[in-house]
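The values are calculated or read from the model by the stated rules, or taken from the named source; none is laboratory data. Note that the structure is predicted; figures quoted are calculated from it, not measured. Quick reminder, even Gly has a Cβ in these numbers, built from the backbone with ideal geometry, and neighbours come from all protein chains shown. The protein model used for the area step is the full one, side chains on, heavy atoms only, and it has no ligands, DNA or RNA in it. Shrake-Rupley method; radii C 1.70, N 1.55, O 1.52, S 1.80 Å.
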Amino acid sequence: AQSAKVANGKMTFVVQLGDLSEGGTYRQDLQEKMLANGFAKVKKYFPATSLTAVKGNHDNYKKAAPPTLPWKNIILPLMSKELGEDVTSVNYARMIGKDLYIYYDGQTAEQEGITFVKKVLEEHKDARYIFFFTHLPLIPISATQMAWRANGSKKLISLLSERNAIVLTAHVHVQSY
C-alpha cells in the first residue's frame, strides 16, 4: 500500500507477477471468483494506473482443459479493459514507445513458448529495451536449490540474453536465496 501511494499515477502500468489466487480448486466458479477478487484487490491500490499480470502456477484450475481457462475468462478481459487493447493469450507482448514488454506463462509447453518468444523478438528487432515478465524463474534460485523454473528456461535465457532483456520474476517464497 505504501509503494502505491508513492508511485500511483507516476508510472505507465503496474505488473502483478502471478499467483493472484491460491488456486488448486476443482470448481471453476470458485477459481474465477478468486482471480477476480485478487485482481480487484491489487487494482484498488493503483486506481489511476493500468494493471497487467502474468499467470502464476497457483492461478490454475485443476479440472479445466487447459487449466488456464479461468485466467482466460477473467483476467484477460480485465487486462484488455485496463489497456484498451485485446489481450487474448496468457503469453502476449506489447510495445510502449520503443520498449518491448513480454508477458509469459512459465507453464507453457516448451516448444510453444520458445516459438512465441522467438516470433516476438523477430517482430521487434528495433526494440530499445526488452522486459520479460514471468512468474516462474528462468535461472536457479541458488546453487543448491534449483526450484521449479519456467519450461524451456535454458533456451529462453539464450534468446533473451542475445537481446540483453531484463527479466522480472516471482515464485520464490523463501527470500534468503
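Got a sec? Charge dipole of the stretch 1-110, +1 on Cβ for Lys and Arg, -1 for Asp and Glu; which of Asn73, Gly106, Asn91 is way out at the positive end?
The residue sitting most towards the positive pole is Asn73.
Near Gly18, within a Cβ-to-Cβ distance under 13 Å, what is the net charge of the other residues, with Lys and Arg +1 and Asp and Glu -1? Kindly include the intermediate steps, with their values, before the conclusion.
Working: positive: Lys55; negative: Asp19, Glu22, Asp59, Asp105.
Local net charge: -3.
Please give the net charge around Ala150, taking every other residue with its beta carbon less than 13 angstrom from that of Ala150, where Lys and Arg add +1 and Asp and Glu add -1.
On the way: positive: Lys55, Arg149, Lys154, Lys155; negative: Asp105, Glu110, Glu112.
That works out to +1.
Would you calculate a helix-derived [θ] at 222 nm for the chain, using -39,500 (n - 2.57) for each DSSP H run of n ≥ 4 and dividing by the full residue count, to the nearest 500?
Working: 5 runs with 56 residues, N = 177.
It lands at -9500 deg cm²/dmol.
Quote to one decimal, in nm, the extra length available between Lys41 and Glu85 on full extension: 0.36 nm per residue of separation minus the C-alpha distance between them. List each step's numbers first, then the result.
Details: separation 44, 0.36 × 44 = 15.84 nm, distance 2.20 nm.
The span from Lys41 to Glu85 would gain 13.6 nm if fully extended.
Measuring from a point 7 Å past the Cα of Asn73 along Cα-to-C-beta, which residues in the stretch 7-44 have an amide N at less than 18 Å?
20-40
Residue separation times 0.36 nm, minus the C-alpha to C-alpha distance between Lys10 and Lys62: what's the value? Kindly include the intermediate steps, with their values, before the conclusion.
Numbers: separation 52, 0.36 × 52 = 18.72 nm, distance 3.81 nm.
Gain on extension, Lys10 to Lys62, equals 14.9 nm.
Roughly speaking, to the nearest percent, how much of the chain's 1.4 Å accessible area is carbon and sulfur?
Answer for the chain is 53 percent, counting heavy atoms of protein chains only.
For the chain, set up a GNM with springs between Cα atoms under 10 Å and report which of Glu32, Glu82, Glu122 has the largest fluctuation.
Comparing Glu32, Glu82, Glu122 in a Gaussian network model of the chain, the most mobile one is Glu122.
Residues with beta-carbon under 10 Å from that of Gly38, excluding Gly38: net charge, scoring Lys, Arg +1 and Asp, Glu -1?
Values: positive: Lys33, Lys41, Lys43; negative: Asp19, Glu22, Asp59.
Spelling it out: positives minus negatives among the neighbours equals 0.
About its Cα centre, what dipole magnitude does the chain give when the only charges are +1 on Lys and Arg Cβ and -1 on Asp and Glu Cβ, stated in debye to the nearest 20?
Computed charge dipole of the chain: roughly 280 debye.
Return one quarter of the surface area of the convex hull spanned by the alpha-carbon atoms of the stretch 52-155, equal to its mean projected area, in nm².
Values: hull surface 29.8 nm².
The number I arrive at for the stretch 52-155 is 7.5 nm².
Provide the gained length on full extension for the span Gln28 to Glu162, in nm with one decimal, where the gain is 0.36 nm per separating residue minus the Cα-Cα distance. Walk me through the intermediate numbers first.
Working: separation 134, 0.36 × 134 = 48.24 nm, distance 4.00 nm.
Roughly 44.2 nm would be gained on extension.
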